[in-house]
Amino acid sequence: MRFRKKLLWIILSAILIAIASFSTYIWFSKSENKDPFIAIPNDAIYIIETSDLTKGWSTISNSKMWKHMRTNAYFEDISKSAASLDSLIKDNPTMDMLFSNRQMLISAHMISGNDYDFLFVINMKQASKIVFVKDYLKQIVQAYGYVMNKRNFKGQEIIELKDIKTKEILHITFIDNLFVASYTPILVENAFLQKDMENWVSNASFKKVSTEISSNKLFNFYINYRLIAKYTGVYLSEESDLVNSLSEIIGYSALNVNFEDERFRFTGYTNLPDSISSYLSALQNVSPGKADAFKIASDKTAVYFSMCFDNFDAFYENLTLEFSKNNTNKFEDYSEKVKKIENYLKINLNEDFFSWIGNEIVLTKHKPVSNAKEEDLSIFIHAKNIDDAKNGLEKLSSQIKKKSPLKFETITYKDYTINYLDIKGFFKMFFGKLFGKLTKPYYCIIDNYVVFSNSPSILMDIIDDYLNKNTLENNEELISFLDNFEKKSNVSIFIRMPEMYSHLYYYSKPGKRIGISNNKDLILSFSKVGFQLVSTGTLFKTSLLIEHNEDALYNEELENIENAAEELFLSDYDSLKFKPNLSFEELQKEGLIDIRYDNNTIKYEGFINKGNINGLFKTYYTNGNIASEVLYVEGKINGKAIFYYDSEEKTIRAEMTFNENEKIENLYTEYYENGEKKAILELENGIFEGDASFYYDSGILKMEGSYKNGEKKGKWKYYTEDGNILDKETWKKGQQKKRVSNESE
């Protein structure tokens, strides 16, 4: 027995020594060590690179961000699969030798008009020369529920690993020292076909930026903007002008990546295509400027796109030069159109418009309300001298009005004048299709900016937020995020995902909406995205920052509760807009009056005494449904008032009591259209004073607290619709002093 054991040990030792000797020979033998980029087809949308596969996965998997991402089923599956592979590598000496500490590239490619997939390339160095690795791989995959087959593609062996449970097939091939894999066979085939052709290694434009970044970083990220529009087209039902513009005018970005607990930080360089004229090519030779529109842009802003320059004249001269040089025919057409406009309107656009533009042009997209689409777009143009801007625009408007049949009376709103600039395609003609959605440029002047929008109501909202200091500048969390970027730039794009989510859902393809809705928590958790370009003369220094906040969904739900609860009809009543506007003749009548609409339905019904409304006065909708019942004393509202929805059921909308000063006193009660209470508030002489309760349309309590002299005071509680406490806050003199979420209780 001892002899047999000894013999077995000798045989095993001999085998191990033979394998070790063979492996050592192969390991140190000379062989061509190919750059893994040669296996990446040139139609990659983006490439993720890690210099150390095992360390990279360890960094990601231990981060707080990844732990939150794992609450999503998709990323939990990825995590389990990666952890399983990681365990397999670490627990098996041969696999560990093959894959640990290796460089890996992951590239994304379009595989159809509406789908994409990934290609994986691992630099195994000389380890790929070990002949027995493929046979050894068969033993491993069978143990993990796979079936292995082999096929020949143009003389290249491709291994197919089929998952017995899911039926998915992973396609693998070896190109010298490179392990190449994908779940889409054509990507592996393309990797083989183009290994000796022009690719990323020989791409001069790509090399301009890739050689500028550090090669020692754990993660690098490369973007091919030419294909970004196709990539976003997988999700969006309509083309995005911003994405399309970036796709056309930017070449490549090469970025080092720092993977932090709560953010991705990308820093590197970006270049432009040599043959395309654009804003960026004009900006490349212009010194950066400071973005200041944050001071007046609404805190409802979802997307902020800013072009800055220290001198607009230099920028516009460069833009004109670039355009005339590379697009001669289009430039001649453009010049001809400008001359026609100037001759027709008897204006000089350089003097009346361009001469006053200062250091920044900003395009913003607001958090949508109702079904607003293009109306939520605004453009802010900084003025060197706001008086020059005002005079120039007044001249333009005046000349246009002389020629245009459209009569638009200016609107004065809270001392701000809103005008209309009736030139069709004005912004698209001068600033390109990115600004082409601004088709009806209403404008007003705020501080040292001229603000344009398709809708006067959006301008009114911006004015309201500016006066109430609800601007981006006063959002401490956002300003803290922006402090990570340079103060002066050429291009800055900032996206606030909670505000952007509604746009993302609205513009997404119907088939993608369920997934977007189901993954709302994950999408919102990447709460802020910032992208900045600063010209170095030949390249753009580039910063990309993605901030993660796992409480973003919770914060948005709380904000929605606060906003929805406070969206009351109260302002319609305390402003007394509902008071009937009776003519002098109507007020001279005595006794009961019955005033009717043109369709002969009753409009007003009540009593007139000595030129004043007295007693109960009723108003009606044009269809005859009652609108209000209000008590008057000698022409003043004094007593009980009830307002109704436009319905035959006389559904009460709100009820309240006015004092002799025509101010709401005591209880104000508002209702949903289904009859459930919406809010009960205590007021004193028109000011919130006392308890306040807000409700869901199901009748469940939504929010409760107290006011003192119109400001929140004491404890406020917020509830989910199932009755659980969502949040608690303590307020003093209108300032939040303490907050306790349901998770921290």
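The values are calculated or read from the model by the stated rules, or taken from the named source; none is laboratory data. Just so we're clear, the structure is a prediction, and the values are computed from it rather than from any experiment. When we count neighbours, we look across all protein chains shown, and the Cβ atoms used for this are built from the backbone with ideal geometry, even at glycine.
Taking Ile687 as the residue in question, decide whether it is in the same structural domain as Glu649 (by TED's automatic domain parsing) and closer than 29 Å to Asn638 by Cβ.
Numbers: in the same structural domain as Glu649 (by TED's automatic domain parsing): yes; closer than 29 Å to Asn638 by Cβ: yes.
Yes.
I'm checking my understanding of the structure. Among residues of the range 244-275 that are more than 21 Å from the chain's Cα centre (by Cα) and hydroxyl-bearing (Ser, Thr, Tyr), which one is surrounded by the most Cβ atoms within 10 Å (Cβ to Cβ)?
Thr270
If I filter the range 98-149 down to residues being aromatic (Phe, Trp, Tyr) and not in a strand (DSSP E or B), which single residue comes out as modelled with the highest pLDDT?
Step one: list which residues in the range 98-149 are aromatic (Phe, Trp, Tyr), which gives 99, 116, 118, 120, 132, 136, 144, 146.
If we keep only those that are not in a strand (DSSP E or B) as well, we get 99, 132, 136, 144.
Working: Phe99: 61, Phe132: 50, Tyr136: 61, Tyr144: 64.
Step by step, filter the range 98-149, then rank; the result is Tyr144.
With the structure loaded, tell me whether Val188 is under 20 Å from Phe120 (Cβ atoms), in contact with a Phe, Trp or Tyr (Cβ under 9 Å, 6 or more places away or on another chain) and at pLDDT below 90 or whether it fails that test. Let's see the steps before the verdict.
Numbers: under 20 Å from Phe120 (Cβ atoms): yes; in contact with a Phe, Trp or Tyr (Cβ under 9 Å, 6 or more places away or on another chain): yes; at pLDDT below 90: no.
No.
Residue by residue, here is whether (1) closer than 16 Å to Asp572 by Cα; (2) under 43 Å from the mean Cα position of the chain (by Cα); (3) assigned by TED's automatic domain parsing to the domain that holds Lys577 holds:
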| site | (1), (2), (3) |
| --- | --- |
| Gly611 | no, no, yes |
| Phe617 | no, no, yes |
| Glu634 | no, no, yes |
| Glu655 | yes, yes, yes |
| Phe658 | yes, no, yes |
| Glu662 | yes, no, yes |
| Asn674 | no, yes, yes |
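Mind counting the residues in the range 286-310 that are within 17 Å of Phe380 (Cα to Cα), hydroxyl-bearing (Ser, Thr, Tyr) and not in a strand (DSSP E or B)? Quick ask: steps written out before the conclusion?
Within the range 286-310, the first condition is being within 17 Å of Phe380 (Cα to Cα), and the residues that meet it are 289-310.
Restricting the remaining residues to those that are hydroxyl-bearing (Ser, Thr, Tyr) gives 298, 301, 304, 306.
Filter once more, keeping what is not in a strand (DSSP E or B): none.
Residues flagged as within 17 Å of Phe380 (Cα to Cα), hydroxyl-bearing (Ser, Thr, Tyr) and not in a strand (DSSP E or B) within the range 286-310 amount to 0.
Just the residues that are in a loop (DSSP other than H, G, I, E, B) and either modelled with pLDDT of 80 or more or not assigned by TED's automatic domain parsing to the domain that holds Glu394 (or both), please, taken from the range 316-351. Spell out how you get there, then give the answer.
First, the residues of the range 316-351 that are in a loop (DSSP other than H, G, I, E, B): 327, 346-348.
Lys346, Ile347, Asn348, listed by residue number.
Which residues, taken from the range 571-613, are among the basic types (Lys, Arg) and not in a strand (DSSP E or B)? Step through it out loud before you land on a result.
We begin by selecting, within the range 571-613, every residue among the basic types (Lys, Arg); these are 577, 579, 589, 596, 603, 610.
Once the filter is applied, which keeps residues that are among the basic types (Lys, Arg) and not in a strand (DSSP E or B), the range 571-613 yields Lys577, Lys579, Lys589, Lys610.
Given the criteria assigned by TED's automatic domain parsing to the domain that holds Leu377 and either part of a loop (DSSP other than H, G, I, E, B) or among the acidic types (Asp, Glu) (or both), does Asp313 qualify? Reasoning before the result, please.
Numbers: assigned by TED's automatic domain parsing to the domain that holds Leu377: yes; either part of a loop (DSSP other than H, G, I, E, B) or among the acidic types (Asp, Glu) (or both): yes.
In short, yes.
For residues in the range 571-629 being aromatic (Phe, Trp, Tyr) and in contact (Cβ under 8 Å) with a residue 40 or more places away in the chain, which is farthest from Gly710 (Cα to Cα)?
The extreme case among them is Phe578.
Yes/no matrix, rows are residues, columns are (1) surrounded by 14 or more Cβ atoms within 10 Å (Cβ to Cβ); (2) modelled with pLDDT of 90 or more; (3) over 30 Å from Lys733 (Cα atoms); (4) not hydroxyl-bearing (Ser, Thr, Tyr):
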| site | (1), (2), (3), (4) |
| --- | --- |
| Tyr632 | yes, yes, yes, no |
| Ala641 | yes, yes, yes, yes |
| Arg653 | yes, yes, yes, yes |
| Glu660 | no, yes, no, yes |
| Lys663 | yes, yes, no, yes |
| Leu667 | yes, yes, no, yes |
| Leu681 | yes, yes, no, yes |
| Glu684 | yes, yes, no, yes |
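Check every one of the strands (runs of 3 or more DSSP E) wholly within the range 150-229 and list those with 2 or more residues that are crowded, with 16+ Cβ neighbours inside 10 Å and among the aliphatic types (A, V, I, L, M).
Working: elements: 156-163, 169-175, 178-182, 219-224.
Where strands (runs of 3 or more DSSP E) fall fully within the range 150-229 and carry at least 2 residues being crowded, with 16+ Cβ neighbours inside 10 Å and among the aliphatic types (A, V, I, L, M), they are 156-163, 169-175, 178-182.
Just checking: which of the strands (runs of 3 or more DSSP E) contained wholly in the range 614-705 hold 2 or more residues that are of a type in the set (Ser, Thr, Tyr)? Steps first, answer last, please.
Details: elements: 626-633, 636-644, 652-658, 664-671, 677-684, 687-695.
In the range 614-705, the matching strands (runs of 3 or more DSSP E) lie at 626-633, 664-671, 687-695.
Are any of the residues in the range 329-347 of a type in the set (Lys, Arg), surrounded by 14 or more Cβ atoms within 10 Å (Cβ to Cβ) and in contact with a helix residue (DSSP H, G or I) (Cβ under 7 Å, 6 or more places away or on another chain)? Spell out how you get there, then give the answer.
Step one: list which residues in the range 329-347 are of a type in the set (Lys, Arg), which gives 330, 337, 339-340, 346.
Within this subset, residues satisfying the condition of being surrounded by 14 or more Cβ atoms within 10 Å (Cβ to Cβ) are none.
The answer is no; no qualifying residue exists.
Which one is farthest from Phe37 (Cα to Cα), of the residues in the range 150-196 that are in contact (Cβ under 8 Å) with a residue 12 or more places away in the chain and of a type in the set (Lys, Arg)?
Lys165
Looking only at residues that are of a type in the set (S, T, N, Q) and outside any strand (DSSP E or B) in the range 706-726, which one is nearest to Asp572 (Cα to Cα)? Before the answer, list the steps.
Taking the range 706-726 as the starting set, the residues that turn out to be of a type in the set (S, T, N, Q) are 706, 709, 720, 724.
Adding the requirement that they be outside any strand (DSSP E or B) leaves 709, 720, 724.
Working: Asn709: 20, Thr720: 28, Asn724: 32 Å.
If we take residues in the range 706-726 being of a type in the set (S, T, N, Q) and outside any strand (DSSP E or B), then Asn709 is nearest to Asp572 (Cα to Cα).
Looking only at residues that are hydrophobic (A, V, I, L, M, F, W, C) and touching a residue at least 40 places away in the same chain (Cβ under 8 Å) in the range 686-704, which one is surrounded by the most Cβ atoms within 10 Å (Cβ to Cβ)? Lay out the reasoning, then the answer.
Filtering the range 686-704 down to residues hydrophobic (A, V, I, L, M, F, W, C) leaves 687-688, 692, 694, 700-701, 703.
If we keep only those that are touching a residue at least 40 places away in the same chain (Cβ under 8 Å) as well, we get 694, 703.
On the way: Phe694: 24, Met703: 22.
Looking at the filtered set, the residue picked out is Phe694.
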